[in-house]
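The next block holds one structure in the form of C-alpha cells; read it before the comments.
Here, each number is a calculation from the coordinates, and none is a lab measurement. Remember, predicted model here, so these are calculated numbers, not experimental data. Cβ placement follows ideal geometry from the backbone for every residue including glycine, while neighbour counts extend to all protein chains displayed.
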Amino acid sequence: MPETVLDAAPVVRALHAAFCRDASRQELLQLAATKIRASGPPYTGVYLYMLHGQTLVLEAFDGRPTEHTEIPVGAGMCGRAVAERRDLNIPDVSQAEGYLACSVETKSELVVLIRRHDEILGQIDIDSDMHDPFTEAEQGAVTEVADALAALL
C-alpha cells in the first residue's frame with residue numbers, strides 16, 4: 001500500500017510540461033486541481049485560491065462548486081492559513097471555529113500555502129468527505145505540488 005494517495009511526481013511533471021508549452025496561469029492552476037482530485041478519495045474537492053491584496057480569489061477548482069469565490073484574509077480556514085502564514089490540517093471541520101462550509105458532506109480540510117520564499121501567492125485548499133485522512137506524508141505530497149506551482153507562476 002502506498003504511503004500517500006497523491007503521487008506528486010506525475011502532477012509536478014505535468015505542470016512543468018504545460019509550462020514548457022506556454023500554458024497560462026489559469027491552465028496551470030486548473031491542471032493542478034484536476035490532477036490532485038484525480039487521485040481519488042480523500043480528495044473530494046480541490047480549490048486553488050490566489051492572493052489578491054487581502055483577499056483570496058478562487059481561480060481554479062475540481063470537485064463540488066463553492067459559493068466561496070472570495071475569502072478575506074483571516075476568514076475561515078483558508079483566510080486563517082494566510083493570516084497565520086502556515087498550512088492547516090483540520091481533521092474534523094465540525095470542531096473548527098470559524099469554518100466556512102463548502103458542502104455539508106465535507107468532514108475535513110487541508111490548506112497548503114503556495115509560497116515563493118516568504119511571499120504567499122495563494123493556496124491549495126482540499127475538502128474531504130472522510131474524517132482525518134491527511135497524514136503528514138499526504139500533506140507533504142500536496143506541498144510538492146504547491147512548491148512546483150510557486151516556481152512556475
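Annotation: extensible slack from Asp22 through Ala38 equals 3.4 nm (criterion: 0.36 nm per residue apart, minus Cα-Cα distance).
Assuming charge only on the beta carbon of Lys and Arg (+1) and of Asp and Glu (-1), the dipole of the chain about its Cα centre is about 420 debye to the nearest 20. Of the residues Cys20, Cys78, the one with the fewest other Cβ atoms within 10 Å heads the list, and the complete ranking is Cys20, Cys78. Using the Cβ of Gly53 as centre and a radius below 15 Å, the other residues enclosed give a net charge of -3, where K and R count +1 and D and E count -1.
Counting every other Cβ atom within 10 Å of each residue's Cβ, Val57, Val73, Val104 order from fewest to most as Val104, Val57, Val73. Taken over the range 8-152, the alpha-carbon convex hull comes to 96 cubic angstrom per residue.
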